[in-house]
Each structure stands twice: as structure tokens, then as C-alpha cells.
1. Going by the conditions given, is L2 assigned to a loop (DSSP other than H, G, I, E, B) and modelled with pLDDT of 95 or more?
2. If you scan the stretch 154-180, which residues turn out to be without any contact (Cβ under 8 Å) to a residue 60 or more places away in the chain, within 26 Å of G108 (Cβ to Cβ), out of contact with any helix residue (DSSP H, G or I) (no Cβ under 6 Å at 6 or more places or on another chain) and not aromatic (F, W, Y)?
3. If the requirement is being under 11 Å from V24 (Cα atoms), assigned by TED's automatic domain parsing to the domain that holds T186, over 21 Å from the mean Cα position of the chain (by Cα) and not hydroxyl-bearing (S, T, Y), which of these qualifies: G82, G100?
4. Go through D343, D272, D353, D286 for me and flag whichever is of a type in the set (D, E, K, R) and modelled with pLDDT of 95 or more.
5. Only one residue in S75, S59 is among the polar types (S, T, N, Q), in contact (Cβ under 8 Å) with a residue 40 or more places away in the chain and in the same structural domain as T186 (by TED's automatic domain parsing). Which one?
6. Pick out, from the stretch 9-97, the strands (runs of 3 or more DSSP E) lying fully within it that include 1 or more residues that are touching a helix residue (DSSP H, G or I) at 6+ places or on another chain (Cβ under 7 Å), small (G, A, S) and at pLDDT 95 or above.
7. Can you give me the number of residues within the stretch 132-158 that are over 30 Å from R333 (Cβ atoms) and surrounded by 22 or more Cβ atoms within 10 Å (Cβ to Cβ)?
8. Could you grab the pairs with beta carbons closer than 8 Å, sequence gap of 6+ or different chains, first residue in the stretch 103-127 and under 25 Å from S90 (Cα atoms), second one basic (K, R) and assigned to a loop (DSSP other than H, G, I, E, B)?
Amino acid sequence: MLASSADCVPTTQRFTSSPPVLSVITPVYNLEGYVGGCIESVLGQTLHDLEIIVVDDGSTDNSSAVVARYAASDSRVRGFRGPNRGVSHSRNVAMQHARGRYFAFLDGDDRWEPTFASTLVGLLERRPEFAVVVGNALSVGGGVLDGSPVLPCPDEGREIGFLDMIERENSVFIMSVFRREVFETTGGFNEALFRSEDYEFWMRAAAAGFRFVTHPEPLGRYHRRLGSSSSDSAAMFEAMMKVLASARGFRHRARADELGAIDRKLERLQADYLLSKGKSALLRRDYEEACSHFWELYRRGEGLTHAAVSVGLKISPGLVFRTYKARLRRLERARERQRATVDPGPVFASELDATRHPS
């Protein structure tokens with residue numbers, strides 16, 4: 001998994017002489033309007049003994065120049081730049097150059113509250129049995145999820161394990177802090193993955209025996225980008241299926257309950273994938289393809305509604321298309337009415353594009 005950083009060159013040279021407590025791992029691609037705020041949120045932490053390593057993944061804008069300006073005034077900022085190879089490669093390069101006892105992921109358009117680092121690092125120092133603290137953040141960037149937590153907010157944190165990650169892919173979150181040994185043991189991100197790469201990384205860490213605990217209080221700002229996209233969500237489901245299929249081999253001896261959970265999750269994701277493909281084809285007015293996806297959903301036991309849609313697409317595809325478009329308009333109005341209070345779950349989440357780096 002471990003990447004070579006030979007194609008990434010440092011854009012800044014200064015750094016503090018002694019290793020810091022925390023290394024912040026920040027990939028950037030065309031984020032000149034955001035990365036400054038990200039860096040400032042790190043430099044403004046109540047935990048001062050840290051560094052932020054920003055790897056520019058071949059940006060075509062002025063992201064590197066923004067990073068260089070901050071590095072010129074604060075030696076805790078370190079910049080690297082290389083050709084576009086994806087977010088997994090960028091994070092691996094940053095981790096190879098990181099010097100801290102603890103690592104933290106923070107993407108270039110996200111931010112931390114001032115106490116994020118001290119709170120999560122402090123938890124790891126008090127609880128040596130845990131290797132990863134899963135953080136939380138509030139969603140920003142527009143849309144119905146604005147101001148809502150990315151993860152649920154129970155009163156207390158809890159331990160999560162490999163089985164939890166199989167059953168609920170949102171039990172982990174990229175905005176987390178972990179011990180250096182997690183990287184050294186797992187070897188970093190799988191650079192063959194361009195979606196769900198963080199999910200796969202956390203699952204391998206859990207399978208290797210590292211223990212995870214959540215810190216549910218939102219202490220960050222997670223920037224969501226709204227996209228078009230049933231096609232994007234179909235690619236997301238496809239990537240998750242690939243990760244889960246490979247997860248069967250993550251443990252030396254997989255447990256029967258874990259293997260069963262993987263099979264059940266794959267069944268559910270396959271249905272989600274077919275539904276996304278069907279909706280995308282319908283919106284493109286590719287009625288033949290849409291009909292096949294909805295019929296396959298019915299054949300798999302997902303309900304008579306899908307059979308009705310499939311038959312309707314054969315008899316009167318225009319009517320089905322207009323009905324679906326009208327439903328989307330109603331959902332959009334509902335989003336606007338409930339923007340600050342409702343987490344819509346999978347119906348709306350499928351239309352969010354959270355991918356922020358190209359392949």
C-alpha cells in the first residue's frame with residue numbers, strides 16, 4: 001500500500017527541529033479559496049505542538065501559492081506538490097513525511113474548531129488501549145444537511161469494531177486522530193481506490209487489531225459539495241462493494257458473524273446500486289436501461305413497486321419520467337422547508353457528491 005513520494009517535491013523547506021506531538025495530513029486539489037481557512041484552523045489550535053503537511057495533488061489553480069504564503073510565516077506548515085495521482089496518494093505522501101506521534105486527517109476545504117486537536121489527542125493519551133479517535137463535525141456548504149452533524153451525537157462516545165464498520169459504513173469518519181503505529185502497520189491508503197478509500201483504510205486498521213472509540217461532539221466543519229447525481233452515488237455504492245468484497249481477506253481468520261455481515265451488506269449495496277443506476281437512466285430518458293434496472297430490483301425481491309415502474313416504462317415511459325421529475329421537485333421543496341432540522345437519510349444522501357478529488 002505504501003506509496004513512493006519520489007514524484008512529490010517539497011514546496012517549503014523550513015520545519016521545527018523537534019518532532020511535534022501531532023501531524024495533520026491535508027490533501028489539496030484546486031482549493032485555493034478554501035485551503036487558507038483550513039490552515040488557519042490548524043494554526044489556531046489550543047494544541048500548539050503540531051505540524052500541517054499539505055500535499056498539492058497537481059492543482060491547476062493557486063493552491064500551492066496559498067500554502068507557500070502560510071509556510072513562509074509559520075514553520076509548522078510544510079508543503080509538497082506532485083502530479084495528480086488522487087487523494088490516497090497525497091495522504092500517503094504526507095504520512096511518509098510526518099514526524100508526529102499522532103496523525104490526523106483534515107481535507108483542504110474542511111476546518112477544525114480550536115479545541116479539536118487537544119480534545120482528541122488528549123483522549124488518546126488518557127486511553128492507551130485505543131489507537132483511533134473518530135471525530136465528528138457539522139456539515140457546511142449548502143443543502144439540507146447544513147448545520148447537522150456528520151455522525152450521530154449520543155451523550156457519550158463508544159467503541160466501534162470491525163463488525164460495526166461492516167454493518168454501518170458511516171460509523172467511521174475521515175476527520176479522526178490516530179497513533180502513528182496505525183500507519184506503520186497498515187502501510188497507508190490503497191492507491192488503487194479513488195472512492196471509499198478512507199473506509200477501506202479504517203477497516204484494515206480495525207482488522208489488524210487497532211481499537212477505535214468515537215468522540216461524538218462536533219468539533220469541525222465538514223464541507224459538502226452538492227452534485228448532480230445518481231450516477232455519482234452509483235459509483236460510490238460500487239466502490240463500497242469492492243471494499244467489502246476485499247474485506248473478507250482483511251483478517252487472518254475471519255469470523256463467521258463478520259462474513260455473514262459482509263454478505264448481507266453486499267446484498268443491500270447491490271440493491272442501492274441498481275436503484276441509483278435506474279434513476280440515473282430514467283433522468284437521461286434511457287428508458288430501456290432504466291426498465292432493466294427496476295425489473296432486476298423486483299426480481300431480487302425488493303418489492304412490487306419496482307415491477308410497476310418497470311412495466312410503466314414499457315407502456316408509457318414519458319408518464320413515468322414526468323411523475324418522477326414531479327417527485328424530485330416536491331423533495332426539493334421539502335428540503336428547503338426542512339433545511340435546518342431534518343437529516344433525510346438515504347433518499348437525499350444519494351444526491352450529495354462528497355468526492356473531492358479526481359482519479
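1. No: the conditions fail for L2.
2. N170
3. Details: G82 fails: under 11 Å from V24 (Cα atoms).
After ruling out the rest, the residue left standing is G100.
4. D286
5. Numbers: S59 fails: in contact (Cβ under 8 Å) with a residue 40 or more places away in the chain.
Only one candidate qualifies: S75.
6. Numbers: elements: 22-28, 50-57, 77-82.
Ranges flagged: 77-82.
7. Our first condition is that a residue be over 30 Å from R333 (Cβ atoms); within the stretch 132-158, this holds for 132-135, 154-158.
Restricting the remaining residues to those that are surrounded by 22 or more Cβ atoms within 10 Å (Cβ to Cβ) gives 132-135.
Total meeting the criteria: 4.
8. Taking only residues 6 or more apart or on different chains, the pairs are D107/R356; D109/R356.
The values are calculated or read from the model by the stated rules, or taken from the named source; none is laboratory data. Small disclaimer: the values here were computed from a predicted structure and weren't measured. No Cβ is skipped: glycine too gets one built from the backbone with ideal geometry, and neighbour counts run over all protein chains shown.
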